[in-house]
Structures are given as structure tokens and as C-alpha cells.
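Please read the structure below before turning to the comments.
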Amino acid sequence: MRALAFDLIRVLDENHRAVGEWNPHLTDETLVAGLRAMLLTRAYDSRMMRAQRQGKTSFYMKSTGEEAVAVAAAMALNSQDMCFPTYRQQGLLVARDWSLVEMMNQVYSNSHDRLKGRQMPVFYSSREAGFFSISGNLGTQFSQAVGWAMASASESDPRIAAAWIGEGATAEGDFHHALTFASVYQAPVILNVVNNQWAISSFSGIAGGERATFASRGIGHGIPSLRVDGNDFLAVHAVTDWAAKRARMGLGPTLIELFTYRAEGHSTSDDPTRYRPNTDTATWPLGDPIARLSDHLASRGCWSAAMHTELEREVKEVVDAAGRESESFGTLKEGSRLPASSIFEDVYKIMPPHLRDQLAESGL
Ligand SMILES: Cc1ncc(C[n+]2csc(CCOP(=O)(O)OP(=O)(O)O)c2C)c(N)n1
């Protein structure tokens, strides 16, 4: 196992063929479904980025280049398994067919936002989709997922947990605490470190990435650790499936480093041209995961450029229709919103006196 933490597991070769012992042998239908979910995620990101620039929301975060990380994992997991994601795994919700309208309502904090404007835009939450409320405190996903997995095992619940954090977040104590508990209690959990090489403006070397791979940090804990090409849909699917089977058999945690690249800014508040070469996106280390899967399908003889263009058109239509519906419920800029008095609701079962006083004083 040890070498797998330092290597890079890949399935797609330079000619877009699926090769080697990690080939998951997925059907054409599964691969096309994966391609569609990745394209849908990218189309969603693109519309919401534009919406932010139009003032319809205050903030947005794209996952461009990292679509395979979330989509392939969601497809390898069972739909009931519990995900503890960060703000860059919207592909999990898309792949689990969660409503784009609900996601947009949250981003717009409009009158239909189930979270009532109490979370930052993109901090989705869906019990139905097994998507734990996104925590803005980096690294917490790992501790939460390990605790949840320990509880699940102790109750003989067949569901396992999966968590995602960025390589920058491995510098947080939560990463190390979670590895300790996962290893000691053999929690049924998949711990994913998404190494997109940048933590806002800090290169991964600042988090110690130049000394050892992020996957190799699991070895000292006795946790099987794999380093995988995160832009290779088939490889991500294969390692997630392998880790999920281990967890389900009671064999405990797996640490997976997904080597990828954040192709765009950290968020709409960031300008990456200030700290990394402008040419980075043109060279796109490891290649575009969507183009690679599309090329692979073409190499199998079941896909063409025309089919790809048609799929892009279809997903754009789906996203645009969802956008029109969500915007009819309001955006940050205009339309209906929740009443301001709602800020006093839902925190306490019985409103304490100081809040009752503030509500009365506010005149809302
Ligand atoms: C505990 C904590 N420290 C700092 C921040 C501020 N912050 C938000 S995102 C971010 C960078 C995270 O980088 P990484 O973990 O590599 O994830 P990526 O954004 O690349 O997906 C920082 C420092 C935070 N949200 N929480």
C-alpha cells in the first residue's frame, strides 16, 4: 500500500484509453451520466458567477477543473452515504440530482431560501441529499465526518461518511485530530484531501506540500492512503469505490489525496492574476476533467463532438430554466425577500427575554 500514497493513480492514458489495474470498467451509460453531471456543474457555476457580477448575490465560488472530484465520488458512493463537503463540492448535489432551484435560492438568499439567508451564499445544506451543512471553519468537515461515522458504526447503520477538505486545510488541527480518531476507532469514513494546489493565494508548498504528499500523512496513522489524479473521472470513481467497500466491510478509514488544479479564482472576491502566472489556466495541469472524459467516451466509439455540443446545450437550458424560476423568488438585488423580523426566529425554541426586547425595540 505504501507506494500508493506517493504515486499518482490514473486510469486514462495519454490516448484517452482506460488502462491498468484501477480501471473501474464502468458502462457507457454511467460515464455519460458522469459527463452530464460535470457539464451541469460547470454550467451552473458559470451562470452563478455571472449572477454575482450582476449584483444578484454577494459572493460565489466556482469548482472549475475540480468537477470530477465531487461527481465521480458521488456516483461511487451510495446515495444515502453522508457527505461532509466544503464550498467546492457542489458537484455532489448536482450528481445526486438535488434541485438546482433550491441551490440558487440559497445563493440568492431569496424568499424561498430554506436556510433563510443565515448561511453564506454557496453554503448549501440538504439532509435529503445527505449533504451536511457546509461549515466555513476549514478542516471541521474531517472531525465531523469521523464522529458521524463512529456513531453510524456503533448503531450498525450501513451508511458510511465521506469528507472533503482542501490541502490548505490540512494545516488545521482538525485534520490531525480526525486522522487519530479515524485510525483508533476504525471509523467507516473516506477522508478526501482535495489538493488543487492553491489555498487562496498560498501555493500548496506553504502547507508542507513540498516535503511530503498529503496522502502520505495517513501512513503514520496506519490509514491506507492513496494519491489519485483528481481530473481523471475513472480513477476518482475507482479509488472512492475501493475505499467505500473497505469502510462497508468494517475495515475502517481511507485517506485519499485528489491531485487537481483550481482553474479559476478562489472566489468572486479573488483575483488570481495577482499571485500566479496568467498562463496557468491555458496549460491546465492534468487537463480538463470534462474534456478527458469526453475524449475517453469518443475513444470507446460511443461519443462524438456533436453529441458533446448537444449535451452542453441541453444542460445550459436546464440551468437557465432553473435560474429563471429561482430569480422569480427574488435575488439579493430585487424581488421578494424574507421579512427582516425573521432574524429572530429559529435560533431558540422559546425566544429568550433579551431577544423579545430587541424584537420589540426594532419595531419589525
Ligand atoms: C479555520 C479557518 N481559517 C481560515 C479561513 C479562511 N479561509 C477560507 S478559504 C481558505 C483557503 C482554503 O484553501 P484550501 O483548504 O486549500 O481549499 P480550497 O479553497 O483550495 O478548495 C482560507 C484560508 C477559514 N475559513 N477557516
Can you list the helices (runs of 4 or more DSSP H) lying wholly within segment 201-304 that have 3 or more residues being in contact with a Pro (Cβ under 6 Å, 6 or more places away or on another chain), surrounded by 21 or more Cβ atoms within 10 Å (Cβ to Cβ) and assigned by TED's automatic domain parsing to the domain that holds L8?
233-248
Against the conditions (1) surrounded by fewer than 15 Cβ atoms within 10 Å (Cβ to Cβ); (2) within 22 Å of A95 (Cα to Cα); (3) modelled with pLDDT under 95, where does E317 fall short? Just the number, please.
(3)
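Yes or no, residue by residue, for (1) crowded, with 24+ Cβ neighbours inside 10 Å; (2) over 17 Å from S79 (Cα atoms); (3) away from the ligand (no atom under 11 Å from the Cβ):
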position	(1), (2), (3)
G147	no, yes, yes
E155	no, yes, yes
G166	yes, yes, no
D174	no, yes, no
A187	yes, yes, yes
V193	yes, yes, no
Which residues, counting only those in segment 195-214, are near the ligand (Cβ under 9 Å from one of its atoms) and of a type in the set (A, V, I, L, M)?
A199, I200, A207
Count of residues meeting criterion [in a loop (DSSP other than H, G, I, E, B), within 16 Å of the ligand (Cβ to nearest atom) and not aromatic (F, W, Y)] in segment 78-121
7
Does at least one position in segment 293-311 carry a residue that is within 19 Å of the chain's Cα centre (by Cα), under 24 Å from A182 (Cα atoms) and not aromatic (F, W, Y)?
no
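The values are calculated or read from the model by the stated rules, or taken from the named source; none is laboratory data. Bear in mind the structure is a predicted one, so any value in this text is a computation, not a measurement. Reconstructed Cβ throughout: ideal geometry from the backbone, glycine too, with neighbour counts over all protein chains shown.
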